[in-house]
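Working notes, structure below.
What follows draws every value from the coordinates through simple rules; no lab data is involved. Note that the coordinates shown come from a computational prediction; the quantities given were computed from them, not determined experimentally. Because the Cβ atoms are built from the backbone with ideal geometry, glycine has one as well, and the counts that use them run over all protein chains shown.
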Amino acid sequence: MAQSVLGIIGGSGFYNLPGLENSRWETVASPWGKPSDQILFAEIAGLPVRFLPRHGRGHKLAPSGIDYRANIDAMKRAGVTDLVSISACGSFREALAPGMFVLVDQFIDRTFAREKSFFGNGCVAHVSVADPVSPGLVDLVETAARDEAITHKRGGTYLVMEGPQFSSRAESNLYRAWGCDVIGMTNMPEAKLAREAEICYATVAMVTDYDCWHDEHTHVDVAAVIKIMQANTEKAQRLVVNLARAFPRQHPPCPIGSDRALDVAIITAPDARDPDLVAKLDAVAGRVLQRQV
């Protein structure tokens, strides 16, 4: 089994965690573009951890301006085996109140202005995202949330909108009718790309508001969202530290094959592949491409 390396993509509150050791910022270049920021290499209780600010330090990047391919590729190059995405979201359910954490297991991707795959003309692959999160990783995250007495719900559907505007009331009610539980702007195509990169993926969706469907909370106010986000960040910090301390040091096989997602995904014959694209795929798909030469 490979050594576990825990990756965290989230906001600025995760770079001064208690117990963070041997920390250093490193630039990890990617052939896919420019990652959101440098990656913080560190350890917690001896476990290698990698932190990437999704929007860049200082929150410089809008959701549509993030280079998701570069981010996932850089985390893969940094050795990440398991990636936990921590992000703010709105709630479509009365019971999912601001301050709760939702460990989602499904996504509906409504984004339209983002590159969504590492593969394409010259090297075609079709990766299943029927189960986009790794249940083994979610088990560990849920245990950490329970240990820290963080109010949470396991399971739920996260609708990913393009943004940067919040929903209209008609959209909010439509998504509720679809059976969605929370809404945000960042977890797609992040989850799809992590699957293509054979990284186990899980989301901690931190509820900040009721979107705009709720009669008593008729619109999303940024000041109120930030206040809830600050409280959520403190809880998320505790969750990450607990998770890292209990994390298996040797990476077990993913029960749904997230770490082997490319085994039967690449369809282009080796002699028909574009060498330039194959070169860019060295980190994401090197395990399979080297075997198929």
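Given a Förster distance of 35 angstrom, what is the FRET efficiency for K60 paired with R291, based on the Cβ-Cβ distance and rounded to 0.05?
Working: r = 39 Å, r/R0 = 1.12.
Given R0 = 35 Å and the Cβ-Cβ separation, E is 0.35.
Dividing the mean sequence gap of close Cα pairs (under 8 Å, 6+ apart) by how many residues the range 129-231 holds gives a relative contact order of 30 percent.
Look at the alpha carbon pairs under 8 Å that are at least 6 residues apart: their mean separation over the length of the chain gives a relative contact order of 26 percent.
Hey, fewest Cβ within 10 Å first, where do D82, D276, D259 land in order?
D276, D259, D82
Our estimate of slack between H214 and N22, defined as 0.36 nm per intervening residue step minus the Cα-Cα distance, is 64.5 nm.
Annotation: amide H of A125 within the under-5 Å range of G120, I267, sequence separation 5 or more or interchain, hydrogens built in the peptide plane. Only helices enter this figure: runs of n ≥ 4 DSSP H residues, each worth -39500 (n - 2.57), summed and divided by the residues of the chain, yield -8500 deg cm²/dmol at 222 nm to the nearest 500. Between the C-alpha center of the range 33-80 and that of the range 141-188 there is a gap of 22 Å.
Taking the fewest neighbouring Cβ atoms within 10 Å as the starting point, the ordered list for M75, M229 is M229, M75. Note on A45 and A269: with the Förster distance fixed at 51 Å, the Cβ-Cβ geometry gives a FRET efficiency of about 0.65. Residues of the range 94-111 falling in the label zone of A130, defined by backbone nitrogen less than 16 Å from a point 7 Å along Cα to beta-carbon, are 106-107.
Of the DSSP beta bridges with both residues in the range 86-292, give the percent that are antiparallel, rounding to the nearest 5. Present the calculation step by step, with values, prior to reporting the outcome.
On the way: 6 of 21 bridges.
Among the beta bridges of the range 86-292, antiparallel pairing accounts for roughly 30 percent.
Each peptide in 147-159, 261-273, 199-211 receives the mean, over its residues, of other Cβ atoms within 10 Å, and ordering these scores from highest gives 199-211, 147-159, 261-273.
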